[in-house]
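Here is the structure we will look at.
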Amino acid sequence: MSSLAFSVSGDDRRSLTRPARSLLLVDLSEGDPHDLGVYLERQGLSVYETNSLDRLYGASLKGEFNAVALVARLPNPTVLAAIRHMNGADAPPLLVVALEGEVVERVLVLEMGADDLVGRDTEAREVLARLHRLIWRRPGADAPDPRPGSAGEAWVLKNARRALITPTGRRISLTGGDQELLNAFTRREDGLVLEQDYPRGHIRTAVCRLKRKVLLGSGVELPIQNVRGEGYRFDASLVQE
C-alpha cells in the first residue's frame with residue numbers, strides 16, 4: 001500500500017496573519033506513514049494527536065479544540081458512529097481524510113455529519129486550507145484569543161512540588177512527563193530542545209498536552225514555539241526553584 005500523499009514543501013510558509021488554533025488529529029491510518037500532523041503544526045496549528053476514537057466522545061471537545069481531523073479507512077461502522085456522535089451544535093467542525101472508501105461510503109460520512117471530506121491523494125496544503133475554512137467560518141471563531149505569555153515575564157518551575165507557576169501566579173500541577181519536558185528546556189542556554197534531547201520521546205505530543213493543560217488551567221498560552229527544522233524553544237524566562 002502506498003504512503004499518504006501528505007508532503008511538506010519547503011515553499012510553504014507559516015501564516016502570520018491568524019492566531020494559532022488547536023486541532024485534534026485522530027489518526028487511524030494503522031501504520032500508513034504520513035507527516036500530516038507535523039505539517040499542520042508547522043503551519044501554525046496546535047496539534048494534539050491520538051489513535052483512539054475515544055477522544056471524540058469527550059464532553060469538552062468544543063472547549064479544547066477548534067477543529068477535529070479524522071484519518072480513517074471506510075467503511076468502518078465504529079468511525080461512522082463516532083462521526084454521528086459529533087453531529088451536535090456545540091461540536092467542533094470535523095474534517096475526514098478517507099484513506100479508502102467508495103463514493104457511497106464517502107457520501108454517507110457527510111450525511112452522518114462530517115463538515116468536509118478529502119481522499120488519500122489530497123495534498124497537505126489543501127487539508128490545511130479546508131481546516132482554516134471550517135475554523136474561521138464557524139460562529140465564535142473571531143472570539144478573543146487567550147492571553148499570550150510575554151517573553152519578558154518569568155515562569156517558575158517548582159520541581160519539589162511538581163508545579164509550574166505562570167506569570168499571572170496560577171499554579172499548574174505537572175505530571176512526571178510534564179516536569180521532565182520543562183527541565184529539558186532549562187538544560188539548554190538557548191531554550192531549544194530537540195527530539196533526541198527529550199528522554200521520553202515524541203516531544204511534539206508532550207508539548208501539545210502541556211500547552212493545552214496550561215491554557216485550560218490558567219487562560220495563559222505557554223510560550224513554547226516550534227522552530228522549523230530544529231525543535232522546540234521556550235520563548236520566555238523559565239526559572240527553577
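Laboratory data are not the source of any read-out in this text; all were calculated from the coordinates shown. Small disclaimer: the values here were computed from a predicted structure and weren't measured. No Cβ is skipped: glycine too gets one built from the backbone with ideal geometry, and neighbour counts run over all protein chains shown.
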- Task: Rank-order 34-42, 230-238 by packing density, defined as the average count of other C-beta atoms within 10 Å over each peptide's residues, highest first.
- Result: 34-42, 230-238
- How many nm is it between the label spots at residue 195 and residue 100, if each spot is 7 Å from the Cα in line with the beta carbon? 2.7 nm
- Message: Between residue 202 and residue 170, what's the calculated FRET efficiency when r is the beta-carbon distance and R0 is 30 Å? Round to 0.05.
- Response: 0.65
- Calculated FRET efficiency for the pair residue 50/residue 188, C-beta based, R₀ 30 Å, to 0.05: 0.55
- Counting Lys and Arg as +1 and Asp and Glu as -1, what is the net charge of the other residues whose Cβ lies under 10 Å from the Cβ of residue 76? -1
- Query: Among residues other than residue 25 whose Cβ falls under 12 Å from its Cβ, what is the net charge (Lys/Arg +1, Asp/Glu -1)?
  - Reply: -2
- Message: If I take R0 = 30 Å and measure r between the Cβ atoms of residue 230 and residue 123 in this structure, what FRET efficiency does the formula 1/(1 + (r/R0)^6) give, to the nearest 0.05?
- Response: 0.75
- Task: May I have the extent of the alpha carbons of region 147-240 along their three principal axes, as whole Å values ordered from largest to smallest?
- Result: 32, 25, 23
